[in-house]
Amino acid sequence: MRYDFAAIEKKWQEKWDKARIFHAEDHDTRKKFYGLVEFPYPSGAGMHVGHIKAYSGLEVVSRKRRMEGYNVLFPIGFDAYGLPTENYAIKTGIHPRQVTDTNIAKFTQQLRRVGFSFDWERVVDTTEEGYYRWTQWIFLKMFEKGLVFRDTALVNYCPSCKVVLSNEDSQGGKCDICKSDIVQKSKDVWYLRITAYADKLLKGLDDVDYLPNVKMQQVNWIGKSTGAFVNFSLAGTTEKLRIYTTRPDTLFGVTFMVMAPEHPVLDRYRDRIQNAAALDEYREACAKKTEFERTQMNKDKTGVKIEGLCAVHPITGKEIPIYISDYVMMGYGTGAIMAVPAHDERDFAFAKKFGIDIIEVIKGGNVEEQAYTGDGEMINSDFLNGLTDKKTSITTMIKKLEELGVGEAGVQYKMKDWAFNRQRYWGEPIPIVHCEKCGMVAVPYEELPLRLPAVENFAPGEGGESPLAKIESFVNCKCPKCGGDAKRETDTMPQWAGSSWYFLRYIDPLNAECLADYEKLKYWLPVDWYNGGMEHVTRHLIYSRFWHKFLYDIGVVPTAEPYAKRTAQGLILGPDGQKMSKSRGNVVDPNDVVDTFGADTLRVYILFMGDYASAAPWSESSMRGCKRFLDRVAQLAERATGTGVTKELETPFHRTIKKVSSDIEEMKFNTAIAAMMTLLNEIDEVGHLTVTELGTLVRLLSPFAPHLCEEVWESIGGEGFCSLAAWPEFDEAKTVLSTVEVAVQVCGKLKGVVAMPKGADKDTALSIAKADERVAAAIAGKTVVKEIVVPDKIVNLVVR
RNA sequence: GCGGGUAUGGCGGAAUUGGCAGACGCGCUAGAUUCAGGUUCUAGUGGGGGCAACUUCGUGGAGGUUCAAGUCCUCUUACCCGCACCA
């Protein structure tokens, strides 16, 4: 058979499409499988081979599941709201809607050429009215349940993109979109109270099968810590200075307190503070620093002592000086700490610099030299003295604090609430109306979608306000509650909004009554297997779990967790070993590869490159090897004759079926392909195979190289589509030859390989091994002191 | 600083979990086919030694456990990823 990949691929893509063989049937009686891949952001650059890798893993699994008789849902869509499109639109003057449509068309064409078995009848586009209507609906439900709030706060702000960013979007102090330095800015911010779900998000991880590093990253991001809240009083006031600590056991070691420069107590007691000017100066200097600068300068501690205001120790009643310092953050705990220099490195550094007393309360180190953070016997600590177990000390102290009414056990999370608004045009409008009389009022559900108005100028305002603010017809409206004049919220939602629930919409993409029919959700959920990038683990993955858990709580979805299993693919690096990027000029366009080598070769190569979860550099010459492999498979179509089993090939086939079947489940695609290459080499050595056997080989290979396999399947008279043919089965007993090769060692050195019957007992194995010429020579004249036999594997003779 | 990971030929990577290290592919060498380039085919291909059968060394480094270690233990080096003044 001539392997004309271009013709073959086009032919079968059309046939599949016409026969709708990848269409998922709701409520089908077959077992269901929902395989999900992260839908792409349709950027102007088009797809690169990294996208192909991201989808190829579950593409193979989904194709295998269909052949195993499952009703498979393997959908695709487009996460199309977002800044790059808007920035491109501003630059070129082309409307984002048009840019998006063009890009989606390009992506669709690229995806189809690779022959992915997506259900194209379920495509979702987050920017479509019928879709974002439900994004807004979920937002309003959260508003209704008190999970949405507005606050004026210091936020992460990107001066280049002119938007507020969430904590997740500004990791490392850089803007996630343009990599500019983030600054802190006081703005009106809409928050989603994700912290209310922190514990559920953490606990839910126990019930799902996620890659260990995925799970761990989420655990760290949520950052649960247990400790205690302690109320210190402010001398001469009724005010309590509340702090959070994970080490309440060290309470007797407190020698000073530190407040974040932004702490509100400072303003409340301004009149009592004698050095207000000095404090103001310090506070202003801090405000100018970026979050990045503030967290990076962790060597040299700075701060100012507050004169005229001091705290009172809740147990000893001693007066304790208070400082302000930017090593304490307003955003974590209570924005104030009790400082125990003897047992905390940061407090120690601060105390040394400012000449503050150090009181040792745990024995074990030299606290004049450095902070001791280890365990040891409690001293200088009243009722804790003599205790040596940290846990006991902590619980004893917490009990005491509770008795005295000055503190209690508490939990803190590093995760912060989700800053949810963006001062941009290309996003879902936030469906809230501001009324002078009624305050913030939800747009009634029946008025959804609140449409994004068409505008000419979608550039953001200089003051960082949304482009929508300039459109009077949009802004001015009537209050849904009182009917009076009101103004619409003009900010839009972040890109992550639409992607937080897209996997639900695939289940019922056209529903106009609800986001998805409950019965259909019950049939398809949870997503059985979700594959995506590591970069989304502390963003999209955590956001979408939050939304899903909320929807579960209000009875809209039937499962507590959206994804039963989550894996991640590794990056494809450029041929130079560097991350693929436009600026490096090392990006590989899948269209070019499909043109030269064909889609099947591209697919096989991408999965053959290496471990699916690891990064691997692109190599065109390696890809030629994959092309050669497929060429040789195509040749077999002419060589296969007769039916039934070729004796010499029986074991190789059973072994390969077993290996490929299990490797796919473990995402070890590289070794699955290697096993098929090995089988092909064995076929060539034998020099003959039957049509039956070729049918088995192409069914095994079909998930990887489906077009070629269909063509071969057809040419040998296979029934129906190869893509729907039954997955080959193996007989365990036939995966091993009746004669096995056993290595024989003398004193751990390999002396020979002998053939013996499978399962030979120790005595048989030994006599066969000793009969081997080389082995006999090696033990001649020596005493065998130990004989080790591992059946079917190895014989080791220890001689003296 | 904390947490996680990786290290195997010239290259990408295998190794059924303690049992023949280097599967499979690339590249390379020699030969065949071809007017030539490409393709295809055959043989070889971890290092050292030997005409050879063979021998010896070999999984970042140093020790250890074991009949047997890429795999387990101790120490150590380099790189990658995530978080980072988280109280």
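Residues that are of a type in the set (K, R), open to solvent by less than 60 Å² (accessible area, probe 1.4 Å) and assigned to a loop (DSSP other than H, G, I, E, B): does segment A:277-284 have at least one? No; the residues of segment A:277-284 include none that is of a type in the set (K, R), open to solvent by less than 60 Å² (accessible area, probe 1.4 Å) and assigned to a loop (DSSP other than H, G, I, E, B).
For A:T671, the requirement of being closer than 30 Å to A:K18 by Cα, open to solvent by 10 Å² or more (accessible area, probe 1.4 Å) and assigned to a helix (DSSP H, G or I) is not met. If I filter segment A:190-207 for residues that are in contact with a Pro (Cβ under 8 Å, 6 or more places away or on another chain), closer than 22 Å to A:V155 by Cα and open to solvent by 20 Å² or more (accessible area, probe 1.4 Å), do I get at least one hit? Among the residues of segment A:190-207, not one is in contact with a Pro (Cβ under 8 Å, 6 or more places away or on another chain), closer than 22 Å to A:V155 by Cα and open to solvent by 20 Å² or more (accessible area, probe 1.4 Å), which makes the answer no. Just wondering, is there one or more residues in segment A:729-740 that are more than 8 Å from RNA strand B (Cβ to nearest atom) and under 30 Å from A:D17 (Cβ atoms)? So far as segment A:729-740 goes, yes, one or more of its residues are more than 8 Å from RNA strand B (Cβ to nearest atom) and under 30 Å from A:D17 (Cβ atoms). Note on segment A:636-664: residues that are touching a residue at least 24 places away in the same chain (Cβ under 8 Å), in a helix (DSSP H, G or I) and open to solvent by less than 60 Å² (accessible area, probe 1.4 Å) amount to 13.
Being open to solvent by 30 Å² or more (accessible area, probe 1.4 Å), more than 8 Å from RNA strand B (Cβ to nearest atom) and under 24 Å from the mean Cα position of the chain (by Cα) is the filter; apply it to segment A:586-626 and report the residue that is modelled with the lowest pLDDT. Among those residues, the one meeting the criterion is A:V587. Please give the number of the condition A:M493 fails out of (1) open to solvent by less than 10 Å² (accessible area, probe 1.4 Å); (2) more than 16 Å from RNA strand B (Cβ to nearest atom); (3) in contact with a Leu (Cβ under 9 Å, 6 or more places away or on another chain). In the conditions (1) open to solvent by less than 10 Å² (accessible area, probe 1.4 Å); (2) more than 16 Å from RNA strand B (Cβ to nearest atom); (3) in contact with a Leu (Cβ under 9 Å, 6 or more places away or on another chain), A:M493 misses (3) alone.
Answer with yes or no whether A:Y543 is outside any loop (DSSP other than H, G, I, E, B) and touching a Leu at 6+ places or on another chain (Cβ under 6 Å). Spelling it out, it is not the case that A:Y543 is outside any loop (DSSP other than H, G, I, E, B) and touching a Leu at 6+ places or on another chain (Cβ under 6 Å).
Across segment A:540-551, the qualifying residues are those that are within 16 Å of RNA strand B (Cβ to nearest atom) and crowded, with 22+ Cβ neighbours inside 10 Å, and the one among them that is farthest from A:K565 (Cα to Cα) is A:Y543. Residues in segment A:450-470 that are open to solvent by less than 20 Å² (accessible area, probe 1.4 Å) and more than 20 Å from A:T127 (Cα to Cα): A:G461, A:G464.
Please report, ordered by residue number, the helices (runs of 4 or more DSSP H) entirely within segment A:74-173 with at least 1 residues that are out of contact with any helix residue (DSSP H, G or I) (no Cβ under 7 Å at 6 or more places or on another chain), of a type outside the set (D, E, K, R) and open to solvent by 60 Å² or more (accessible area, probe 1.4 Å). Because the criterion is at least 1 residues that are out of contact with any helix residue (DSSP H, G or I) (no Cβ under 7 Å at 6 or more places or on another chain), of a type outside the set (D, E, K, R) and open to solvent by 60 Å² or more (accessible area, probe 1.4 Å), the helices (runs of 4 or more DSSP H) in segment A:74-173 that meet it are A:83-92, A:96-114.
Of all residues in segment A:782-800, those that are among the β-branched types (V, I, T) and at pLDDT 85 or above have Cβ atoms under 6 Å from Cβ atoms of residues that are open to solvent by 50 Å² or more (accessible area, probe 1.4 Å) and part of a strand (DSSP E or B), 6 or more apart or on another chain, in A:V798/A:V785; A:V798/A:K786. The condition of being within 30 Å of A:R699 (Cα to Cα) and open to solvent by less than 40 Å² (accessible area, probe 1.4 Å) holds for only one of A:V740, A:V746, that being A:V740. Each residue in segment A:496-526 was checked for being assigned to a helix (DSSP H, G or I) and open to solvent by 20 Å² or more (accessible area, probe 1.4 Å), and 6 pass. Within segment A:423-443, being within 13 Å of A:C482 (Cβ to Cβ) and touching a Pro at 6+ places or on another chain (Cβ under 9 Å) holds for A:V433, A:C435, A:C438, A:V441. Number of residues in segment A:685-696 that are in contact (Cβ under 8 Å) with a residue 40 or more places away in the chain, within 16 Å of RNA strand B (Cβ to nearest atom) and surrounded by fewer than 24 Cβ atoms within 10 Å (Cβ to Cβ): the value is 2.
Listed by first and then second residue, the pairs with beta-carbon distance under 7 Å, at least 6 apart or on different chains, first residue in segment A:763-777 and under 11 Å from A:L797 (Cβ atoms) and small (G, A, S), second in a helix (DSSP H, G or I) and open to solvent by less than 50 Å² (accessible area, probe 1.4 Å), are A:A769/A:V775.
Tally the residues that are within 15 Å of the chain's Cα centre (by Cα) and of a type in the set (S, T, N, Q), restricting the search to segment A:533-584. Matching residues across segment A:533-584 total 4.
Scanning segment A:305-321 for residues that are away from RNA strand B (no atom under 16 Å from the Cβ) and not charged (D, E, K, R) yields A:I306, A:G308, A:L309, A:C310, A:V312, A:I315, A:T316, A:G317, A:P321. Pairing each residue of segment A:192-208 that is among the basic types (K, R) with any residue that is open to solvent by 10 Å² or more (accessible area, probe 1.4 Å) and assigned to a helix (DSSP H, G or I), provided the two are 6+ apart or on different chains, yields C-beta distances under 7 Å for A:K200/A:K549. Please determine, by comparing only the residues of segment A:210-262 that are among the aromatic types (F, W, Y) and within 11 Å of RNA strand B (Cβ to nearest atom), which one is most open to solvent (accessible area, probe 1.4 Å). Among them, the one singled out is A:W221. Scanning segment A:322-344 for any residue that is at negative phi and away from RNA strand B (no atom under 14 Å from the Cβ) turns up at least one such residue. The combined condition, being part of a helix (DSSP H, G or I), open to solvent by 10 Å² or more (accessible area, probe 1.4 Å) and free of Cβ contacts under 8 Å to residues at least 40 places away in the same chain, is not fulfilled by A:S581. Is it the case, given these coordinates, that A:K487 is part of a loop (DSSP other than H, G, I, E, B) and open to solvent by 10 Å² or more (accessible area, probe 1.4 Å)? No: the conditions fail for A:K487.
Across segment A:458-466, not a single residue is classified as more than 23 Å from A:S500 (Cα to Cα) and at pLDDT 95 or above. Restricting segment A:375-407 to residues that are open to solvent by 60 Å² or more (accessible area, probe 1.4 Å) and touching a helix residue (DSSP H, G or I) at 6+ places or on another chain (Cβ under 8 Å), the residue that is nearest to A:G227 (Cα to Cα) is A:K390.
Residue count for segment A:399-429 satisfying the condition of being within 16 Å of RNA strand B (Cβ to nearest atom) and more than 23 Å from A:G335 (Cα to Cα): 0.
Test A:T651 against the criterion of being at pLDDT 95 or above, over 24 Å from A:G115 (Cα atoms) and of a type outside the set (A, V, I, L, M), and give yes or no. When the stated conditions are applied, A:T651 does not pass them.
Taking the criterion of being of a type in the set (F, W, Y) and under 19 Å from A:L573 (Cβ atoms), the residues of segment A:598-633 that qualify are A:Y605, A:F608, A:Y612, A:W618.
The values are calculated or read from the model by the stated rules, or taken from the named source; none is laboratory data. Being a predicted model, the structure only gives us computed values, none of them experimental. Ideal geometry is used to build each Cβ from the backbone, glycine not excepted, and the neighbour counts take in all protein chains shown. The area values use the complete protein model at the heavy-atom level, side chains included, leaving out ligands, DNA and RNA. Shrake-Rupley method; radii C 1.70, N 1.55, O 1.52, S 1.80 Å.
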